[in-house]
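J.: Quick one: the structure is below, and I'll ask about it shortly.
The values are calculated or read from the model by the stated rules, or taken from the named source; none is laboratory data. What you see is a predicted model; the values in this text were computed from it and never measured. Positions of Cβ are backbone-derived with ideal geometry, glycine not excepted, and every protein chain shown enters the neighbour counts.
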Amino acid sequence: MKDTSESVIEKIIKSKKRIQNHGEVFTPRRIVKKMLDMPNIRDACQNLTSTFLEPAAGEGAFLVEILNRKMKMIEKNYGDELTRYENYSLLALSTLYGVELLEDNAQRCVMNMYQVYYDAYQQQAREHDGKVKNKVLDSAKLIISNNIAQGNFLTKLSSNGNPIIFSEWQPINLRKNAKTIKVQRTEFTLEEILNEEEKECGESSKHAVKIEQLDLFDSYDDEAEPKEKRLKYVPVKITEVYKEEMEEVDG
Ligand SMILES: C[S@@+](CC[C@H](N)C(=O)[O-])C[C@H]1O[C@@H](n2cnc3c(N)ncnc32)[C@H](O)[C@@H]1O
């Protein structure tokens with residue numbers, strides 16, 4: 001019997017205008033699968049921490065299939081306990097990134113990825129006689145919405161004209177047999193990623209804010225430079241990244 005997903009007629013073209021303006025033609029699922037079956041790529045899809053960045057993500061044809069494969073691998077290798085599955089599945093999810101120019105496609109990509117994550121997690125929860133947890137789902141949403149950027153890969157700018165920013169979710173206690181995982185988030189601009197720039201763990205690109213000097217005695221000194229305070233992400237359980245916890249550091 002045919003895979004039901006393949007028996008559904010796929011919409012690979014939305015309009016002639018969109019093809020002309022944005023080269024928008026979606027890749028059929030059958031072709032995506034064939035391409036991901038190439039030896040090196042197939043292996044990377046089975047690897048917990050291998051990262052993927054899709055520069056013209058569309059509705060997520062490639063990212064969704066890679067996520068499907070990673071979720072199956074997690075079920076097989078880390079599915080003995082629900083807590084372990086929750087932690088490793090979030091880490092696998094955090095390795096997938098995309099950029100998409102058009103708002104509707106970017107939103108659809110986020111939704112499609114979340115649906116894959118939710119369906120796989122719900123099935124695992126059922127098999128373990130458990131329930132899906134809001135903190136896990138909220139963390140999944142936060143990760144996906146940060147990893148899929150609406151913007152232009154060529155200019156490296158997002159739709160609001162600011163640099164595209166991605167977060168690295170660096171596991172900090174990844175030991176064999178560990179049931180829970182802690183991560184520290186660090187933000188990079190797309191430019192910094194492509195230039196392979198190094199950054200201090202936890203550094204944030206969005207939260208570098210200048211605040212006025214609050215010292216009572218300095219307040220009369222017109223020459224005083226505003227003191228820069230920066231916020232830095234702290235190490236947290238991966239199931240709690242949705243809280244986006246940060247601490248202040250002196251700049
Ligand atoms: C040929 S489609 C492929 C979509 C998806 N990768 C797939 O295989 O189904 C190209 C996509 O790239 C997007 N796009 C075009 N120019 C872009 C740019 N400069 N930066 C990011 N995305 C872009 C289009 O909106 C479109 O969704």
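J.: Out of the residues in the range 156-184 meeting the condition of being surrounded by 13 or more Cβ atoms within 10 Å (Cβ to Cβ) and among the polar types (S, T, N, Q), tell me which one is farthest from Gly202 (Cα to Cα).
T.: Ser159
J.: Of the conditions (1) within 16 Å of the ligand (Cβ to nearest atom); (2) in contact (Cβ under 8 Å) with a residue 40 or more places away in the chain; (3) farther than 21 Å from Lys133 by Cα; (4) of a type outside the set (Val, Ile, Thr), Ser50 clears all except one; give me its number.
T.: Going through the list (1) within 16 Å of the ligand (Cβ to nearest atom); (2) in contact (Cβ under 8 Å) with a residue 40 or more places away in the chain; (3) farther than 21 Å from Lys133 by Cα; (4) of a type outside the set (Val, Ile, Thr), Ser50 breaks only (1).
J.: Now, a different point. Checking Ala208 against (1) outside any loop (DSSP other than H, G, I, E, B); (2) modelled with pLDDT of 95 or more, which single condition isn't satisfied?
T.: Of everything listed in (1) outside any loop (DSSP other than H, G, I, E, B); (2) modelled with pLDDT of 95 or more, Ala208 misses just condition (2).
J.: Under 7 Å between Cβ atoms, which residue pairs at least 6 apart in sequence (or on different chains) link something in the range 16-27 that is in contact (Cβ under 8 Å) with a residue 12 or more places away in the chain with a partner that is among the basic types (Lys, Arg) and within 8 Å of the ligand (Cβ to nearest atom)?
T.: Cβ pairs passing all conditions: Glu24/Arg18.
J.: Out of Asn77, Asn40, Asn87, I need the residue that is out of contact with any helix residue (DSSP H, G or I) (no Cβ under 9 Å at 6 or more places or on another chain) and more than 16 Å from the ligand (Cβ to nearest atom). Which one?
T.: Details: Asn77 fails: out of contact with any helix residue (DSSP H, G or I) (no Cβ under 9 Å at 6 or more places or on another chain); Asn87 fails: out of contact with any helix residue (DSSP H, G or I) (no Cβ under 9 Å at 6 or more places or on another chain).
On inspection, the qualifying residue turns out to be Asn40.
J.: While we're here: With at pLDDT below 95, over 20 Å from Thr239 (Cβ atoms) and outside any strand (DSSP E or B) as the only criterion, which of Glu192, Glu196, Glu200 stands out? Outline the logic, then answer.
T.: On the way: Glu192 fails: at pLDDT below 95; Glu196 fails: at pLDDT below 95.
None of the other options fit; the residue is Glu200.
J.: Scan (1) of a type outside the set (D, E, K, R); (2) within 16 Å of the ligand (Cβ to nearest atom); (3) modelled with pLDDT of 95 or more for the single condition Ile144 breaks and write down its number.
T.: For Ile144, the exception is condition (2).
Results for (1) more than 16 Å from the ligand (Cβ to nearest atom); (2) assigned to a helix (DSSP H, G or I), shown as yes or no for each residue.
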position	(1), (2)
Ala56	no, no
Glu65	no, yes
Thr83	yes, yes
Val99	no, no
Gln107	no, yes
Val116	no, yes
Ala125	yes, yes
Leu137	yes, yes
Ala140	yes, yes
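J.: Tally up the residues in the range 150-195 that are away from the ligand (no atom under 16 Å from the Cβ), hydroxyl-bearing (Ser, Thr, Tyr) and closer than 17 Å to Val99 by Cα, please.
T.: 1
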